[in-house]
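The values are calculated or read from the model by the stated rules, or taken from the named source; none is laboratory data. The structure displayed is predicted, hence computed values, not measured ones. Quick reminder, even Gly has a Cβ in these numbers, built from the backbone with ideal geometry, and neighbours come from all protein chains shown.
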Amino acid sequence: MIASSKHGTGSRALLVYFSRPGENYWEGGRRDLDIGNTKRLAQLIAARSGCDVYEIRAADPYPRAYDPTVQRNVREQDQDARPVIAGGLPDLRRYSTVLLGSPVWNVRAPMIMSTFIESADLRGKTVLPFVTYAVSGMSAVDDGYRDALPRSDVRDGLAVRGEDIDGADSDIEAWLRANGLG
Ligand SMILES: Cc1cc2nc3c(=O)[nH]c(=O)nc-3n(C[C@H](O)[C@H](O)[C@H](O)COP(=O)(O)O)c2cc1C
């Protein structure tokens with residue numbers, strides 16, 4: 001479901017994100033997150049840019065436990081799987097820009113992001129990738145989108161370490177401004 005931004009209707013940008021609450025990496029240890037890191041970053045970006053928001057949810061939700069999630073993701077990457085998205089997809093026709101957010105999973109985007117970009121029609125649109133991560137930064141995520149979306153204008157992405165989201169305001173602002181959304 002699409003949530004309209006508090007800045008009202010008429011937004012030309014849609015923020016699409018996937019995030020998993022639960023046990024995750026945190027400062028070298030583990031922490032149980034009620035709200036996933038990428039969701040928190042997505043909320044900050046949406047508040048600043050006034051874009052609409054669509055959350056990708058897995059029809060078969062990922063475990064809250066970290067290790068089984070890692071194992072499932074390795075299996076899905078090995079099988080080049082396309083995990084099913086729960087509910088309907090957004091109608092992208094009124095948006096010229098789509099922000100695509102996810103965690104980094106095993107140096108790539110989660111496979112459910114491939115499900116999304118192959119199901120949605122992103123041709124001719126500007127795509128702004130963003131990720132949260134523990135150690136490996138943007139990794140192959142934005143290049144992966146460039147390969148998969150040759151008919152979209154995939155811009156340089158924003159990568160924020162999960163533990164640093166609260167201090168990321170100026171990076172978010174600069175990235176949005178560089179892409180005409182600030
Ligand atoms: C299955 C899995 C694989 C991960 N792989 C990486 C990785 O390759 N590089 C990295 O820096 N962080 C990795 N992480 C850590 C997450 O990217 C990081 O904690 C992120 O902020 C989680 O976002 P979320 O709470 O929105 O899911 C991984 C986490 C999980 C659960």
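General observations
A quick yes/no check of all residues on (1) within 13 Å of the ligand (Cβ to nearest atom); (2) touching a residue at least 60 places away in the same chain (Cβ under 8 Å):
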residue	(1), (2)
Gly101	yes, yes
Met111	yes, no
Ile117	no, no
Pro129	no, no
Met138	yes, no
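- Checking every residue in the range 141-148 against the condition of being under 12 Å from the mean Cα position of the chain (by Cα) and among the charged types (D, E, K, R) gives at least one match.
- Residue in the range 115-124 that is more than 16 Å from the chain's Cα centre (by Cα), at pLDDT 95 or above and small (Gly, Ala, Ser) present: yes
- With respect to the conditions (1) part of a loop (DSSP other than H, G, I, E, B); (2) within 11 Å of the ligand (Cβ to nearest atom), Gln71 falls short on a single one, namely (1).
- If the condition is being in contact with a helix residue (DSSP H, G or I) (Cβ under 6 Å, 6 or more places away or on another chain), crowded, with 16+ Cβ neighbours inside 10 Å and assigned to a loop (DSSP other than H, G, I, E, B), then the range 150-182 contributes Gly157, Leu181.
- Residues of the range 81-139 that turn out to be surrounded by fewer than 19 Cβ atoms within 10 Å (Cβ to Cβ), in contact with a strand residue (DSSP E or B) (Cβ under 6 Å, 6 or more places away or on another chain) and more than 19 Å from Lys39 (Cβ to Cβ), as a count: 1
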